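Worksheet: the structure to be examined is printed underneath.
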Amino acid sequence: MGDRDADGKCKIVSACSSAKLFLFMISPPLPSYQSLPPAPAPSLSPPTSSLSTKVGSIQGYYNRTIQLNPINIASSSSNVTSTASLKPMKKRVISNLEKTEFELQKARVAIKAASMNDPVDDPDYVPLGPMYWNAKVFHRSYLEMEKQFKIFVYKEGEPPLFHDGPCKSIYSMEGNFIYEMETDTRFRTNNPEKAHAFYLPLSVVKMVRYVYERDSHDFSPIRKTVRDYIDLVGDKYPYWNRSIGADHFMLSCHDWGPEASFSHPHLGENSIRALCNANTSERFKPRKDVSIPEINLLTGSLKGLVGGPSPSSRPILAFFAGGVHGPVRPVLLQHWENKDNDIRVHKYLPKGTSYSDMMRNSKFCICPSGYEVASPRIVEALYSGCVPVLINSGYVPPFSDVLNWASFSVIVSVEEIPNLKTILTSISPRQYLRMYRRVLKVRRHFEVNSPAKRFDVFHMILHSIWVRRLNVRIREV
């Protein structure tokens, strides 16, 4: 795939180049949104056909380890034997779907047992520590994913709207993920009968660029493009209708990704949506959807982005610089802009001041939401070894099903902004050092590599999709 422009395709050589109930590590929401009522279970009501659905209940948000019922989705089958017949029945042939579901059930059992077993040796990395809700369960789940997870990428659609995406911008995860899936040989299968999940390789960023008429405020061309694509693969293949889209997924880092997903009702309500804009107030459902990090790769590479000095060489308590947009940043600047030498808050950086150097010289990096809840500053802080300070409302941080963000970041509500310095100075030097070391350990999960490396951001996104697929059970009737 060529690299035509700043948001073009990716180069190959560059970074843009048990029983029903089983335990899993879906974490509770963070304190900033714990007051929200639990979202209703996904509605998987099929169109008027022979599809029928059972939705298992999911326990409340507030337990670290939640017991989940896999969603049972019944698919119609033409192999129905009349119960009135008295003739001996032939031995039933096990379908490919049944084999797939049996493999997933074995994985569920192994994952459930992991919390009671000793940690597993791993030549690359063994997850340990309070950064994880359940490190052993995560590791076993990750290994099960590597062992068997297969994804079918629909071949339909032409670039630039499909099979393409930006790799050198704030939306870089769209292009990087599409590129990795297009070139991957481990998780991708060309046989849809062997697939556990199905990827819809669309790019909302490219649709905004090529389909949407600038400043028209008319979203209908994007809706039609998404809807027509779903209808195309639904008519050509049986898999979308078989599960009502529940084993399909899309990925988008554009602010309009959530809106685009509701172009087709089953895509928004049933499918797994991997989104940077993971806002519960905009119908993001942590039980079904995946929060992914927003990563601003201006050069398409991590060169010069990862690393920073030790804590003793970070003289600034906290730092933020950025434009004033959205509901949170005006409050932050009102209370702290150029008012405290320890809390360095700027709308515009002083001339000659380096943004990246300011992050590397700070103990805490303030990451307020803007127009949308996600911010690339979160990952920039992790890359710099700076403890993130999350200020938002309704945001589900990336990989919250696995990562305990409260162990390596500071979560501050909008109402607490006036007390920001008090909150940060109340963190003891010893506790800050713990958080700093955890940041260094956890940032591997946010690094972009080409080719992808184990436990990096590509594999963490896949793992979150794997978890949601485990929570869906499709059966033929």
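The values are calculated or read from the model by the stated rules, or taken from the named source; none is laboratory data. All figures in this text were calculated on a predicted structure; none of them were measured in a lab. Side chains included, ligands, DNA and RNA excluded: accessible areas come from the protein's heavy atoms. Shrake-Rupley method; radii C 1.70, N 1.55, O 1.52, S 1.80 Å.
Ligands, DNA and RNA left out, the 1.4 Å accessible surface of segment 169-288 is 47% carbon and sulfur atoms. Annotation: amide H-H contacts under 5 Å for residue 284 (H modelled 1.01 Å from N, sequence separation of 5 or more, or interchain): 279.
Around the amide H of residue 346, modelled in the peptide plane, lie the amide H atoms of 320, 321, 322, all under 5 Å away and 5 or more residues distant in sequence or on another chain.
Solvent-accessible area per residue in segment 205-258 equals 45 Å², computed with a 1.4 angstrom probe and all protein chains kept. Would you mind checking the pairs 194/441; 168/421; 112/150 and listing those with alpha carbons more than 28 angstrom apart? Beyond 28 Å between Cα atoms: 194/441; 168/421.
Here is the P(r) of segment 344-459: all C-alpha pair distances, binned every 10 Å from 0, give 13, 43, 36, 8, 0 in whole percents. Solvent-accessible area of segment 321-402 (1.4 angstrom probe, protein heavy atoms only): carbon and sulfur portion equals 49 percent.
Taking the inverse of the mean reciprocal distance over all distinct Cα pairs, the Kirkwood hydrodynamic radius of segment 259-400 comes to 16.4 Å.
Kirkwood radius, segment 133-280, all distinct C-alpha pairs, inverse of mean reciprocal distance: 16.0 Å.
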